[in-house]
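First comes the structure, then the notes that go with it.
All of the numbers you see were taken from the coordinates with simple rules; none came from a lab. Keep in mind that this is a model prediction, so the values were computed, not measured. Because the Cβ atoms are built from the backbone with ideal geometry, glycine has one as well, and the counts that use them run over all protein chains shown.
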Amino acid sequence: MYIAKLIKHKGENRIAVYFENKTELIARFKKLKGAKWSATLRVWHLPDSEESRQKFKLKIRENTKPENQLSAEVQLQKEKFVQWLRSKRYSESTIKTYSDAIRVFLHFFSDKALNEIENNDIIVFNNEYILKNKLSASYQNQMVNAIKLFFRTMQNAIAERVNGILKDELLEEVHDDYETALNNIAVAISTYNHLRPHSSIEMLTPVIAHQLNRPLKRTWKNYYKRKEEVMA
């Protein structure tokens, strides 16, 4: 067992870690980057970094600038990701690690919409945040794994919803032949994009919504929150 807390030592922000005075524990702590012993405070301490806060389960620093706050859309996707992790029986420790990692990554690209983030942005994040701050390889692996899983689950959810609408609303169950099926699929996709209004984009069609250069309001409810309220 240990107790970790934030301290100010010699003008620097540090993390003090209190644990039993055992040789093996001291040896392990001394291997951590920047670990030092304070004879004055009688405690082991290390630099206050994102990696160290995560390792010792301290609250990750929040960026309080309004322009860097997560948008409602991004926050909703992050909440859905946490729900998905729980549904797959990930441990609470892993869920917290992945959730914190996604929050840090999305804060870094707070000026971008989710659908604008590309594979190359992960390389930029790696160079400009992880390597620049000299974070460890294990932190890097956790971050990359969390990012990949987040976007994979998000894309799968979108793909499943589109496929479900096409099958349930716009396509017949049985087609006479292959050519008829292809033609009907093309008509269904065109209807989906040009004629069918969507509650996630102010009841507009995707084609019209794509032409608007502004955020769009969703008209559907967040059932994840409703379920949590019912269960509380």
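Computing FRET efficiency as 1/(1 + (r/R0)^6) for ARG152 and LEU195, where r is the C-beta to C-beta distance and R0 is 35 Å, gives about 0.70. Highest-first packing order for the peptide set 9-17, 77-85, 126-134 is 77-85, 9-17, 126-134, based on the mean count of other beta carbon atoms within 10 Å. When you count the other C-beta atoms within 10 angstrom of each residue and take the mean per peptide, 112-125, 33-46 line up highest first as 33-46, 112-125.
At a Förster radius of 45 Å, what calculated FRET efficiency corresponds to the Cβ-Cβ distance of TYR178 and ARG89, to the nearest 0.05? About 0.60, to the nearest 0.05.
A crude spin-label estimate for the pair THR40 and LEU25, with each label 7 Å from Cα along the Cβ direction, gives 2.4 nm.
As an exercise, use a Förster radius of 22 Å and the Cβ-Cβ distance of VAL144 and ALA72 to find the FRET efficiency, rounded to the nearest 0.05.
Computed FRET efficiency for VAL144 and ALA72: 0.25.
Neighbour counting of Cβ atoms within 10 Å sorts the residues MET154, MET1, fewest neighbours leading, into MET1, MET154.
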